[in-house]
Amino acid sequence: MPFGHDMVYSLATVVELINTAAGDHDALVDIDDLRAFVRKRRVSGVDAVTVRDLAEVRTLRTDFHDVFTAPDQIAAVTRLNKLLGRTSITPRLAEHDGFALHIHYFAPGASLAEHLAADCGVALAHVLVENEWERLRRCRAPDCEHVFVDESRNRSRVYCDSRTCGNRMHVAAYRARRRPERDQGKKRPAVG
Ligand SMILES: [Zn+2]
Ligand SMILES: [Zn+2]
């Protein structure tokens, strides 16, 4: 993908944020969950997280999910513009926590949700500008709600994770292919 390392990092963060809501188990329900997310994604400049942060980040998660799962590029642009329109953005170069020099987009004093909205929102904006909207995908496995960014050269990735969903679906397809043979095999003695 024609994106810088900081864009790729922010895209991974937004994917991870959206996927906390995927499936039966919501992985972002309390302050501890939010703290763990901030730690894991190494979101900089966050002193303490509050109940308000949690509520705001959960709302933002839904907004980002709606951008990812927009039916077409026009809808994705409209949804992302709405999100960016209420986010103050201040580009600034930064180097911290072992990350190479990169650009921060969140404004000084931004809340956690504003921080994520700015950095992840700009990263998604670049995806759309590069006409790569198609790379924002939802896993094709029927029982999986994960989203992902398809970074493959030929945009051919269809599962969130090849080892889990990809493997599972391949096994299911293999079994489906084999089943008719087996059923035939069972019938034969009855006919004979
Ligand atoms: Zn940073
Ligand atoms: Zn999946």
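The values are calculated or read from the model by the stated rules, or taken from the named source; none is laboratory data. Worth saying up front: this structure is predicted, and the values here are computed from it rather than measured. A quick note on method: Cβ atoms are made from the backbone with ideal geometry, for glycine too, and the neighbour counts reach across all protein chains shown.
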Original post:
Which numbered condition trips up ASP97, out of (1) part of a loop (DSSP other than H, G, I, E, B); (2) among the charged types (D, E, K, R); (3) modelled with pLDDT of 95 or more?
Top reply: (3)
Subject >> Whichever residue in the range 116-133 is away from ligand 1 (no atom under 16 Å from the Cβ) and free of Cβ contacts under 8 Å to residues at least 60 places away in the same chain and, among such residues, is surrounded by the most Cβ atoms within 10 Å (Cβ to Cβ) >> reply: ALA125
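Step by step: first the residues of the range 22-64, then only those that are among the acidic types (Asp, Glu) and within 16 Å of the chain's Cα centre (by Cα), then the one that is surrounded by the most Cβ atoms within 10 Å (Cβ to Cβ). Which residue is that?
Quick first cut of the range 22-64, residues among the acidic types (Asp, Glu) only: 24, 26, 30, 32-33, 47, 53, 56, 63.
Filter again for within 16 Å of the chain's Cα centre (by Cα), leaving 26, 63.
Values: ASP26: 13, ASP63: 18.
Taking the candidates together, the pick is ASP63.
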**OP:** Specify the residue that is farthest from ligand 1 (Cβ to nearest atom); the eligible residues are those in the range 92-115 that are buried (at least 17 other Cβ atoms within 10 Å of the Cβ) and of a type in the set (A, V, I, L, M).
**Re:** ALA113
Subject >> Pair list, Cβ under 7 Å, 6 or more apart: the range 164-178 residue in a helix (DSSP H, G or I), other residue surrounded by 12 or more Cβ atoms within 10 Å (Cβ to Cβ) >> reply: CYS165/CYS139; CYS165/ALA141; CYS165/CYS144; CYS165/TYR159; GLY166/TYR159; ARG168/ALA141; MET169/ALA141; MET169/TYR159
Original post:
Consider LYS82 against the criteria (1) in a helix (DSSP H, G or I); (2) within 16 Å of ligand 1 (Cβ to nearest atom); (3) surrounded by fewer than 21 Cβ atoms within 10 Å (Cβ to Cβ); (4) charged (D, E, K, R): it satisfies all of them except one. Which criterion is unmet?
Top reply: (2)
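Anything in the range 141-157 that is in a loop (DSSP other than H, G, I, E, B) and either of a type in the set (Phe, Trp, Tyr) or within 9 Å of ligand 2 (Cβ to nearest atom) (or both)? List them, or say none. Please lay out each step first, then the result.
From the range 141-157, those in a loop (DSSP other than H, G, I, E, B) are 141-146, 150-157; that's our starting set.
Result: ALA141, ASP143, CYS144, GLU145, HIS146.
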Original post:
Taking the range 16-32, which residues are touching a helix residue (DSSP H, G or I) at 6+ places or on another chain (Cβ under 8 Å) and assigned to a helix (DSSP H, G or I)?
Top reply: GLU16, LEU17, ILE18, ILE31
